[in-house]
Amino acid sequence: MSENIYKKARLNAAKNDSMLKSVEHAYQSVSIPRARLLAIEQTDPQKNMITPNPDDVVSMAKAYNAPELCNYYCTTQCPVGQMQGDEPLLYDDLGKISASLMSALHFLDAANDEIHRILADSKITQDEKNRFAKIVDVLDNITYSASSLKLWAEKNKLI
């Protein structure tokens, strides 16, 4: 049975805080009732599984030094966040983050020139719509990569 992200974060944090090795002690650190924390970490659909609420996620993220839990929750479990269609950010592999950022920035100069041409007359014509959509994709990729780098930095206590 695979562990879920909340349990993985707790066990990772337990490397630095032995009180987090078991739910029996961890619930005190996160201020979530023991039974609720067990249900949040549950992966067996035959048992009492629950989706954490935002307060639970914030408590776990702080106690476990796991800011990625907030991003995960917002992109995969929160109905409002799911409507945005964002993917969970990268946070644990600086090499992947760097490659993603470099790839995204590679297209920035071309996108900058193109956006100036498209918006020069303050109108987006029908033939410019596809080019405009590609520019938005480039900007989305830059935003995703930059946000991933920021999350990595937070996780590693650099900011």
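Quick note: the coordinates plus some simple rules give every number you see, no bench work behind them. Just so you know, these numbers come straight off a predicted model, no measurement behind them. Glycine also receives a Cβ, built like all others from the backbone with ideal geometry; neighbour counts cover every protein chain displayed.
Overview of results
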| read-out | value |
| --- | --- |
| Pairs where the first residue, in region 107-120, is within 12 Å of Val138 (Cβ to Cβ) and the second is part of a helix (DSSP H, G or I) and among the aliphatic types (A, V, I, L, M), C-beta under 6 Å, 6+ apart | Phe107/Val138; Ala111/Ile135; Ala111/Val138; Glu114/Ile135; Ile115/Ile135 |
| Criterion: in contact with a helix residue (DSSP H, G or I) (Cβ under 9 Å, 6 or more places away or on another chain), in contact (Cβ under 8 Å) with a residue 40 or more places away in the chain, of a type outside the set (Gly, Ala, Ser) and closer than 26 Å to Asn141 by Cα - qualifying residue of Pro67, Pro52, Pro88 | Pro67 |
| Within region 1-49, tally of residues that are free of Cβ contacts under 8 Å to residues at least 40 places away in the same chain and among the acidic types (Asp, Glu) | 3 |
| Restricting region 66-79 to residues that are among the polar types (S, T, N, Q) and crowded, with 16+ Cβ neighbours inside 10 Å, the residue that is farthest from Asp92 (Cα to Cα) | Thr75 |
| Matching helices (runs of 4 or more DSSP H) fully within region 90-159 where at least 1 residues are within 30 Å of Ala61 (Cβ to Cβ) and of a type outside the set (Val, Ile, Thr) | 94-106, 126-155 |
| Failed item, numbered, when Lys157 is tested on (1) at negative phi; (2) in contact (Cβ under 8 Å) with a residue 60 or more places away in the chain | (1) |
